[in-house]
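The values are calculated or read from the model by the stated rules, or taken from the named source; none is laboratory data. Nothing here was measured: the structure is a model prediction, and the numbers come from that model. No Cβ is skipped: glycine too gets one built from the backbone with ideal geometry, and neighbour counts run over all protein chains shown. When the accessible area is computed, the model is the full protein with side chains, heavy atoms only, and any ligands, DNA or RNA have been set aside. Shrake-Rupley method; radii C 1.70, N 1.55, O 1.52, S 1.80 Å.
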Amino acid sequence: MSEKHVGRPLLRKEDPRLLRGDGRYLDDLGRHALAAAFVRSPVAHARITDIDVGDALDVEGLVAIYTHEDLPGRIAEPLPLLIPHPDLTHARTPYCLADGEVNHVGEAVVMVVATDRYLAEDAAERIQVTYQELPPVVGIDQARAAERLVHDEIPGNVAARSVQENGKGDAHEAIAAAPHRLTLDLAIERSASMPMEGKGVLAHWDADDRTLRVHTSTQTSTSVRLAVAAKLGLPPDRVEVIAPDVGGGFGVKIVHPWPEEILVPWAAMTLGRDVKWVEDRREHFISSAHERGQQQRIEVGFDGSGRLHGLSVEIWHDNGAYVPYGIIVPIVTSTQLLGPYKVGAYRVEFTSLYTNTVIVTPYRGAGRPQGVFAMERTMDAIAEHLGLDRLAVREANLIRPEEMPYDQGLVFQDGRPLIYDSGDYPTMMRMIRDLVGWDGFEAERAAAAAEGRRIGIGVAAYVEGTGMGPYEGAHVKVETTGEIVVSTGITTQGQGHYTTLAQIAADALGVGVGDVTVVTGDTRRFKYAVGTFASRAIVTSGNAVAVAAGKVAEKAKRIAAAALGGGVRAEELELADGVVRHRDDPARSIELRTVAVLSNPLRYAFDEAAKAATQFAAAVTAGDEPGLEATGYYMPERSTFAAGAHGVVVETDPETADIKILRYCVVHDCGVVVNPRIVEGQVHGGVAQGIGGALYERIVYDDAGQLVNASYMDFLIPFATEVPHIQTAHMVTASGVNPLGLKGAGEAGVIPTSAAVASAIEDAERDRAVVVRRMPISPSELYELRKGRVHV
């Protein structure tokens, strides 16, 4: 048998091309296209009383100016609510161009098209928009107070209010009856994903055959296709959407359609010219999407061993000015908060609130970092209250392996029951204990103290729902050259799909990974897909590729059996080393590429290989369709749940309160590992973003709703110097809900980082009784906490 590829740490197939500079990103395309630019609101909340374009008309190279009044039909209507929910009772979505009112700085008001971007920007600067300013609602406190309203018709600024209970009793009664009780008030500040490449759209309209081709830097080309077709009144089959190389997504590019994804194609159709728009960095800050911002109140009841009897959580979530992506983020927070623990009776209520700020949609982790922060801060508070070891309290509450599958009694973001399919959380905690050096840390602390240094250790655990539906598909074809082409509708933004999906296909077809070419994100090649988000791609598309490749393998055996003759049966054959051969007599074989030739009966021979498939020579099994190819779909019954634990050692400067990470350790369980090298890379990237969220990255608005740090000079991102060496250990508990046993890995690194770092900082500062209840935390904030001042 050929050596199996799944499980091997192969180098990524996509890297040589990208390292040579041969990537093709959105801005590499459409060199001769017209360019679009936008006039965006400079104020957070206002009515538009006038738009004067007169001064812009003299700009040489100006082609068109559009306001909301110029938009026809469905384009003038609000953008769709992508994920409706019965608790989302007051949903509002934006217009492509503001219709009489703006609700955050950066909202698009006017679109300008010119012969190049410079001229488009020149014309945009000359357009005079008159605003009647209204009082803005900035931040959760103002939204909760409801003294001002974002949308006049929405009472209390409340988009949604949702309650879930786990069916294990009344949480408030359980808490009241418990021997010990605590209440915690926590907060996570707003942040944002910062892919190297912002959004971008290029559109080409062919008026002769009435087809629209759209290139867009997206995480879901197939869904953009349907959204564009619906808005522009075109049959979906007349719309092609291609995601070229995408320079990072992290969730912000799963939102669709962005206003520009409608306006740029519409302008191309209207003008009969290719039109392109590429987002600049300030636009990304003020007009894309943010995440994270929440306030939380936790009430918990527990016994003397730290075992939870009841948990009640209330969450206030800032969803920004609109909710085009629904309330997925707070749903994830409220359900994934439970982590690997049994919490007794559980009640969670969240309120999703409008503010006059940029919309909030999933960013890597998608509500989970907030939930883990709540749960893990609670575990540390219990340990402090009881004087117990922090790991011991966690271990007392862990779900045991023999209890799997474990029903948490809630409804997850996919609308399915929150049932953990597999996991060994006690082993996971033992592994992180050993990896981070928990048991020997007091000696390490004493040695540091002798040098006048403060160090602390922290840990945090999580469970992550991955691989959700509704489905993904793949098409697998064996070319007559022997090349295997795998086409799937998911997009890729650096996850290594060209390698991992090739490994799965190669194993099913008995070929080398180098023989497999993977195509993603092109609706011309595969029309039906959901997208790349929520750590789902390898689970859903990986299993779909396995289904399709399995069909191809079975067809190859049938054709080969007929070609070999001599009574050979298909079930006696195997695929290995690029041939189809008899399992007990490998000499009786036929090359897979020859089987591909035979799979397509021909009347005419075009070359020597084709002669074998002509009518006087072919040996094709009756009933098989032409071509050695197949399409397969995987539709999960519910999500699969990865898990992990992070341990961290930090040093806090006694004088300056500077915070330095000395050691960072990760134990991760993503089921069967397709490529350990790629999983390691995903974890490392996630940890880097998690460190940013713990210590550096925050979106800051002033009272007027102005984003005051909308540049990389002011929005801090960790450099390589701030990201420590990361030690990782993998454990495998295969999923029982998909054939390959896979679980997702893309978001694992970012999820528990803030919680683990907060735990370590508190431990380092324990002699000063510092309590961390809000993240991220800066040295100046830690300095204030040392003085007993509230961290706000």
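Just a few scattered comments:
- From the options Asp50, Asp22, residue that is surrounded by fewer than 14 Cβ atoms within 10 Å (Cβ to Cβ), charged (D, E, K, R), in contact (Cβ under 8 Å) with a residue 24 or more places away in the chain and more than 20 Å from Glu279 (Cα to Cα): Asp50
- Look at the range 696-722: where a residue is of a type in the set (Phe, Trp, Tyr) and a partner is surrounded by 12 or more Cβ atoms within 10 Å (Cβ to Cβ) and at pLDDT below 95, sitting 6+ places away or on another chain with Cβ atoms under 6 Å, you get Tyr696/Leu716; Tyr696/Pro718.
- Test for Ala192: is it touching a Phe, Trp or Tyr at 6+ places or on another chain (Cβ under 7 Å) and surrounded by 22 or more Cβ atoms within 10 Å (Cβ to Cβ): yes
- Residue match in the range 708-722 (condition: open to solvent by less than 60 Å² (accessible area, probe 1.4 Å) and within 16 Å of Val666 (Cβ to Cβ)): no
- Every residue from the range 126-144 that is under 26 Å from Ile699 (Cβ atoms), assigned to a helix (DSSP H, G or I) and open to solvent by 40 Å² or more (accessible area, probe 1.4 Å): Asp141, Gln142, Arg144
- Put simply, of Asp414, Asp380, Asp434 the only residue that is in contact with a helix residue (DSSP H, G or I) (Cβ under 8 Å, 6 or more places away or on another chain), not polar (S, T, N, Q) and not assigned by TED's automatic domain parsing to the domain that holds Phe526 is Asp380.
- The criterion of at least 1 residues that are of a type in the set (S, T, N, Q) and in contact with a Ser or Thr (Cβ under 6 Å, 6 or more places away or on another chain) is met by the following strands (runs of 3 or more DSSP E) wholly inside the range 483-598: 484-488, 516-520.
- For the range 93-125, a residue qualifies if it is surrounded by fewer than 19 Cβ atoms within 10 Å (Cβ to Cβ) and in a loop (DSSP other than H, G, I, E, B), and the qualifying residues are Thr93, Asp99, Gly100, Thr115, Asp116.
- Extreme residue, modelled with the highest pLDDT, among residues of the range 595-609 that are closer than 15 Å to Gly627 by Cα and open to solvent by 50 Å² or more (accessible area, probe 1.4 Å): Asn600
- Residue-level check: of (1) at pLDDT 95 or above; (2) under 30 Å from Ala755 (Cβ atoms), Arg638 misses just (1).
- Qualifying residue in the range 60-81 (condition: open to solvent by 10 Å² or more (accessible area, probe 1.4 Å) and modelled with pLDDT under 95): yes
- Taken across the range 343-352, residues that are open to solvent by less than 10 Å² (accessible area, probe 1.4 Å), part of a strand (DSSP E or B), over 20 Å from Leu186 (Cα atoms) and modelled with pLDDT of 95 or more do occur, with at least one present.
- Residues in the range 530-567 that are over 30 Å from Lys253 (Cα atoms) and open to solvent by 20 Å² or more (accessible area, probe 1.4 Å): Gly550, Lys551, Glu554, Lys557, Arg558, Ala562, Ala563, Leu564, Gly565, Gly566, Gly567.
- Glu722 in the same structural domain as Met428 (by TED's automatic domain parsing), among the acidic types (Asp, Glu), within 21 Å of Phe641 (Cα to Cα) and out of contact with any Leu (no Cβ under 6 Å at 6 or more places or on another chain): no
- Taken over the range 620-676, residues that are open to solvent by 50 Å² or more (accessible area, probe 1.4 Å) and under 20 Å from the mean Cα position of the chain (by Cα) amount to 1.
- Test: residue in the range 493-512 that is in contact with a His (Cβ under 6 Å, 6 or more places away or on another chain), touching a residue at least 24 places away in the same chain (Cβ under 8 Å), closer than 13 Å to Lys13 by Cβ and open to solvent by 10 Å² or more (accessible area, probe 1.4 Å): no
- Of Val649, Val666, Val708, all but one fail to be of a type in the set (Val, Ile, Thr), farther than 20 Å from Met429 by Cα and at pLDDT 95 or above; the exception is Val708.
- Meets criteria (assigned by TED's automatic domain parsing to the domain that holds Ile726 and within 38 Å of the chain's Cα centre (by Cα)) for Ala556: no
- Enumeration of residues in the range 145-169 that are out of contact with any helix residue (DSSP H, G or I) (no Cβ under 8 Å at 6 or more places or on another chain), open to solvent by 90 Å² or more (accessible area, probe 1.4 Å) and outside any loop (DSSP other than H, G, I, E, B): Arg161
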